[in-house]
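The structure appears below as structure tokens.
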Amino acid sequence: MEQTATARSLMPPSPADDLRALAADTSADLTDTAALRRAYSTGPGATSLAKVADHIHPLYRPYIEASPFAVLATVGEHGLDTSPRGDAPGFVLVLDEKTLLLPDRRGNQRIDSLTNIARDPRVTLLFLVPGLGEALRVNGNARISALPALRERFAVSGQLPASVLVVTVTSCYFQCARAIKRSQLWNPARHVQRGALPTPGAILECLSGRSIDGAAYDGELQQRQANTLF
């Protein structure tokens, strides 16, 4: 036993241990703007600055109208939140060059994003268009409207959104295609099969201490979601 322990102590650290030590080392942390600029010394190019508009430029509007999916980022007293939002292309309505309207469709009722917005109106929307490498980022301030007449304008099959986000745009610009190209996000050959990852039911059963029947949850999930999309 002693020889085994000694032999183990002489073994080189595993790649995981080595990586853990490197990640824990704070000696080279970049903690202020000056340090960041030393590491990123070239600075943004002219095109990175020229693309920014303080409104929805006519050349940016088609991206929003073609997008069926966006990520909503918010900030609140308990931290940051990001939330996926999706519907038919153009589900985020460009009311005018400074205003977007985003209906809040059925979700998990946690209202994390909305709670944040009620306390801090700052938001960011990142729009994706299937097949395109570029993404579109919109920054602004939002308020949450439950006005019945406004909600009715976004009814689908008689179902009204619980609220509508009214976003006042402060900046808008495209993000280059490098991230999408590196990830091959739209490449069908890279798509992951559902069975390769734990199902929602399996996760819920494990994290709930088996108080939730995972198999039953998964068995009902597709129909439940189909019945509650809007």
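The values are calculated or read from the model by the stated rules, or taken from the named source; none is laboratory data. What you see is a predicted model, and the numbers here were worked out from it, not measured in a lab. Note that we place each Cβ from the backbone using ideal geometry, even for glycine, and neighbour counts take in every protein chain shown.
Things to note:
- Qualifying residue in the range 138-157 (condition: assigned to a strand (DSSP E or B), among the charged types (D, E, K, R) and within 17 Å of the chain's Cα centre (by Cα)): no
- Of the residues making up the range 180-203, those that are free of Cβ contacts under 8 Å to residues at least 40 places away in the same chain, more than 13 Å from residue 218 (Cα to Cα) and part of a helix (DSSP H, G or I) number 6.
- Candidates 83, 67, 41, filtered to the one that is modelled with pLDDT under 95 and either out of contact with any Lys or Arg (no Cβ under 7 Å at 6 or more places or on another chain) or under 27 Å from residue 172 (Cα atoms) (or both): 41
- Selection within the range 88-136 - under 21 Å from residue 168 (Cβ atoms), of a type in the set (Asp, Glu) and surrounded by 15 or more Cβ atoms within 10 Å (Cβ to Cβ): 97, 104
- If the condition is being outside any helix (DSSP H, G or I) and farther than 30 Å from residue 147 by Cβ, then the range 159-179 contributes 173, 174, 175, 176, 177.
- Only listed residue being in contact (Cβ under 8 Å) with a residue 60 or more places away in the chain and under 14 Å from residue 73 (Cβ atoms), chosen from 138, 166, 156: 138
- Top-ranked residue of the range 55-68 - restricted to ones that are under 18 Å from residue 139 (Cβ atoms) and of a type outside the set (Gly, Ala, Ser), ranked as surrounded by the fewest Cβ atoms within 10 Å (Cβ to Cβ): 59
- Flag if residue 81 is in contact with a Ser or Thr (Cβ under 6 Å, 6 or more places away or on another chain) and either within 22 Å of residue 162 (Cα to Cα) or touching a residue at least 60 places away in the same chain (Cβ under 8 Å) (or both): yes
- Candidate set from the range 141-170 (those that are closer than 14 Å to residue 92 by Cα and among the small types (Gly, Ala, Ser)); member that is surrounded by the most Cβ atoms within 10 Å (Cβ to Cβ): 142
- Taken over the range 190-214, the criterion of being of a type in the set (A, V, I, L, M), within 25 Å of the chain's Cα centre (by Cα) and over 30 Å from residue 131 (Cβ atoms) is satisfied by 202, 203, 204, 207.
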